[in-house]
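Inspection log for the structure reproduced underneath, given as structure tokens.
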Amino acid sequence: MRAEYLDRYSRLSSPVHRLWTGVKLLAAVAVVVVVVSMPRNFWGGWAGLAAVAGFLVVVAAMSGIPWGFLLRRMLWLEPLAIGVALLSLLQVGGWQVFLWLMARSSLCLLTMLLLSNTAPYSELLRVMRRVKVPTMLVTTLALMYRYLFVMMDEAGRIKRARMSRTFSERGGGKSRRWRTAATVVSQLFIRVSERSERIFAAMCARGWGDGLSRDRKGATRSSALLSHGRSLTVAAQIVKDNSSGNEGR
Amino acid sequence: MHIPDGLLDVKTAVAMGVLSATGLGVALRHVRLHLPAKRVPLLGLSAAFVFAAQMLNFPVLPGVSGHLIGGMLTAALLGPSAAVVVISAVLIVQCFLLADGGVLALGANIFNMALVGSAGGWVVYYLVSRAVKGLFGRVLAATFASWVAVVVAAVACAGALATSGTASWSVLLPMMTGVHMLIGVGEGVITAMVLTFIAKTRPEMWGDAAAAKRSQKPEARSQEMGGGQTVNPTGTERWGAVIVLGLLICVGLALFVGPFACGWDDGLEVTVQQKGVHVSEAAEHLIKVPMPDYKMPGLGDGRVATGVAGAVGTVVVFGLAWVLARSLVRKMKPAVDVGGSE
């Protein structure tokens, strides 16, 4: 797991981190809604935004996440908002709209960054389960997170294999580099499919059955989910160990 | 195309959230009922795959690099409902883990990229691959559908932003579609290449419905890789989800794009001209086929001109897709025969 940068600070220990995840999720959505529905065109709006900003700064300070990290991530994600907000400059009185949109989207971005770095992903999934998000979706999200890092390593391995077989990354024309990229992507998908077959076999071997796809009653769902989740964890671990052995061939 | 928070107003975000929640629910139900149990883990892994594939960059222009979006690719490989689930999962993780795309805008992003960009693209893919038979037809369909999906998703995105009053439609539409017509060309080319590679190395993984059925029958064969059994609607009972998804897309486009498409502003002329220059320049750079300027002479009305230009652009892209598919399929002829006959 080298791709630690995804949610590096979500396992710190601070008053914000210890708060129940559901509360944090609700609070984040509430802040975003408040920011977005803040009326413009009078000073109250700006004062409201400033109040929200103050609140977020306090939360960020309490959470102990390094400021440099937050700022860097905000700068990294900001271009998306700037791109659209710049278009607002082209209309009448666009300057004010531009500033307003930038302030709004920056605050929302900070909110989401704080959420993603104070709430571990597994906790978010637990909240989703509790509010009865369909099991299939939660399972997909759980598996996705679990294999995200494996896939990135896999992509890295393919990349390393390619680099060790060619003189330079820039070798060849553009069409060759496109073909290389396409090969890497297709290779990745083929490996993904094979891996999912192995995972399924491992899950079945641990008594998974097809409780997930068939059960509809609430009574059986939670127990099925529990055992399912457990077998998934075990299966994932085993398959990961196996495959890391295979990869070396 | 990830809309961040703060650019959509609450009513647009909620309306699009309702649409995508319905679409995602329908897709989940369809997948739960029709996806073979052994393919369930593939959903999560495909989502991880799309996430990882989006991080692989390839050069487009000097200094500009693009990456695969993967909506249409997923839909072609897994079928429309599974693709909606997979792309939605990717968007949810990008939102909560990376803060890429807002939480309030999540509904809009799922609508644009999962419903329109993936399921909507699949409809185009299905229709074209029905009309043109064989592997060539499927590569052609995937290429063309990728482009259409990216462009229509961009139009939907522009509609959502304009409905929120973020910027005016006459600015948003040319910008969004102009940029994404280029991105769509790249997406189409890379999707076609990836699918051709998969068809070459693992023909059973990407087959049409009939071929999948054929390879599904011998049990020994399907052990190898689940026999390319996508969640494609093969029987009548499976069309429900696709029809509902299609209806949702139509409702969304009618709500967020319809009002603007009927009343164009001025200022279009300038931006259309810009877009025309943009597209032809880059297209020449990419594939060395001259593309017509996006302003037809002799058509005064902006709406008609844009409509005609859009139609011409679509026809040209279809032609390019034809040429690309022809060359890709011809290169791998021997491998096709092995895959096709078995």
| said: Among the listed residues B:L7, B:L56, B:L28, B:L68, identify the single one that is facing chain A (nearest Cβ under 7 Å), closer than 21 Å to A:E154 by Cβ and open to solvent by less than 20 Å² (accessible area, probe 1.4 Å). | reply: B:L68
| query | Is one or more of the residues making up the stretch A:123-146 within 30 Å of A:R195 (Cβ to Cβ) and of a type in the set (D, E)? | reply | yes
| message | Based on this model, can you work out whether B:A105 counts as open to solvent by less than 10 Å² (accessible area, probe 1.4 Å), over 18 Å from the mean Cα position of the chain (by Cα) and facing chain A (nearest Cβ under 10 Å)? | response | yes
| remark: By my count, helices (runs of 4 or more DSSP H) wholly in the stretch A:135-249 with at least 1 residues that are at the interface with another protein chain (Cβ under 10 Å from one of its Cβ atoms) and either modelled with pLDDT of 60 or more or surrounded by fewer than 13 Cβ atoms within 10 Å (Cβ to Cβ) (or both) are A:135-165, A:174-205, A:211-214
| task | Considering each residue of the stretch B:183-201, count those that are hydroxyl-bearing (S, T, Y) and more than 12 Å from every other protein chain (Cβ to nearest Cβ), and give that number. | result | 0
| Is one or more of the residues making up the stretch A:76-93 without any contact (Cβ under 8 Å) to a residue 24 or more places away in the chain, at negative phi and away from every other protein chain (no Cβ under 12 Å)? | no
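The values are calculated or read from the model by the stated rules, or taken from the named source; none is laboratory data. Keep in mind it's a predicted model, so treat the numbers as computed, not measured. Positions of Cβ are generated from backbone atoms using ideal geometry, with glycine treated the same way; all protein chains shown enter the neighbour counts. Ligands, DNA and RNA are excluded from the accessible area calculation, which covers all protein heavy atoms including side chains. Shrake-Rupley method; radii C 1.70, N 1.55, O 1.52, S 1.80 Å.
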